[in-house]
């Protein structure tokens, strides 16, 4: 099993400068490689690939010893691979007829991660283990102190350094993580995701919606108005932008904390968890429409989109998948179509069955239930049917 660990770095002032210079030089390398690809195609219709650009790295490093030459060769190759994957994904979307989105040039502050593809090649995790302190060695920056709040298991595969506002983090991707399977409980559950209640189970239990963004909305709006008044490229604007980023980072951490507390609650109690396979990007698409065909109820749809994104369903489901895999539990994604409109008693499907947000009354047989609990039971039934079909 593979798992990622994220730890806070505590670099010195000189190490912060070195890390910032490392990220900026990798950004310049990425932009130059993208420019080469674009110009080669525009002028001569030539396709430049990763292998062609990787062969140029030795000459680039030799010509710029104090710049590109001071960083790890492998990390620069990883940056070129990232660009190659972005370009490849662009052409894949073009062929599929999707919205393509060609890779952009990265401005200052738009490129925040550098990856080292192998532990020991330009980097070393826990480089001073004999001293009792956890440190990360990075070529060009030295031994950086790490706030390792938990033990790292398995074999460190790749190491990434990430900048988030004024903080620096290390992300370790580890292989061969031993699974910690939990004892079987013999219980199965269906889960309905919502906005009024974060989730409701087929057993009738529910978790409240933390509404993390709503809790910081006032301070965030004040900071964003202050940012809009600042003069561009001024010191005050830089400080205000850092404050806005800190508020957004706090909301993100609150959502992640809620997900890490809610997911084990489900995993410990159930062997099989069935959930809705939600298309969150489609659900939160704008209702504004076009000039020729303007949308309706735009303000209401905008508020609903904000509430859906604030709930953090995507973050929760990603954490739930990781926890379930580690515990040896089974997850089944169910098509959410009509799960809240179907009567479990007679099978009648109608929009009128759901009278209010919380009440379900079948117009055919008169069956009544809590709307979210009813949807969760339909999800469980569909999940069990899928499991039986697979067997």
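Residues in the range 34-53 that are within 23 Å of residue 158 (Cα to Cα) and surrounded by 18 or more Cβ atoms within 10 Å (Cβ to Cβ): 53 only. In the condition set (1) over 22 Å from residue 259 (Cβ atoms); (2) at pLDDT 90 or above, residue 166 is compliant with all but (2). Restricting attention to the range 276-295 and to residues that are surrounded by 10 or more Cβ atoms within 10 Å (Cβ to Cβ) and out of contact with any helix residue (DSSP H, G or I) (no Cβ under 7 Å at 6 or more places or on another chain), the residue that is farthest from residue 314 (Cα to Cα) turns out to be 294.
Could you tell me whether residue 202 is crowded, with 16+ Cβ neighbours inside 10 Å, touching a strand residue (DSSP E or B) at 6+ places or on another chain (Cβ under 6 Å), under 19 Å from residue 311 (Cβ atoms) and at pLDDT 90 or above? Taking the combined requirement at face value, the residue does not satisfy it.
Among the residues in the range 284-304, are any assigned to a helix (DSSP H, G or I), within 29 Å of the chain's Cα centre (by Cα), under 30 Å from residue 173 (Cβ atoms) and without any contact (Cβ under 8 Å) to a residue 24 or more places away in the chain? The answer is no; no qualifying residue exists. Here residue 321 meets the list (1) closer than 16 Å to residue 3 by Cα; (2) touching a residue at least 24 places away in the same chain (Cβ under 8 Å) almost entirely, failing just condition (2). The condition (being in contact with a helix residue (DSSP H, G or I) (Cβ under 7 Å, 6 or more places away or on another chain), outside any helix (DSSP H, G or I) and either surrounded by 12 or more Cβ atoms within 10 Å (Cβ to Cβ) or assigned by TED's automatic domain parsing to the domain that holds residue 157 (or both)) is satisfied by just one residue among 107, 101, 69, 120: 101.
Residues being farther than 24 Å from residue 216 by Cα, surrounded by fewer than 18 Cβ atoms within 10 Å (Cβ to Cβ) and modelled with pLDDT under 90 are entirely absent from the range 311-323. Only strands (runs of 3 or more DSSP E) whose full extent lies in the range 171-266 are considered here, and the ones with at least 3 residues that are in contact (Cβ under 8 Å) with a residue 40 or more places away in the chain are 188-193, 197-201.
Here residue 27 meets each of (1) within 18 Å of residue 103 (Cβ to Cβ); (2) under 26 Å from the mean Cα position of the chain (by Cα); (3) modelled with pLDDT under 95 with one exception, condition (3). Looking at this structure, is residue 135 without any contact (Cβ under 8 Å) to a residue 12 or more places away in the chain, closer than 23 Å to residue 3 by Cα and touching a strand residue (DSSP E or B) at 6+ places or on another chain (Cβ under 9 Å)? Judged against the criteria, residue 135 is a match.
The values are calculated or read from the model by the stated rules, or taken from the named source; none is laboratory data. Computed from a predicted structure; not experimentally measured. A quick note on method: Cβ atoms are made from the backbone with ideal geometry, for glycine too, and the neighbour counts reach across all protein chains shown.
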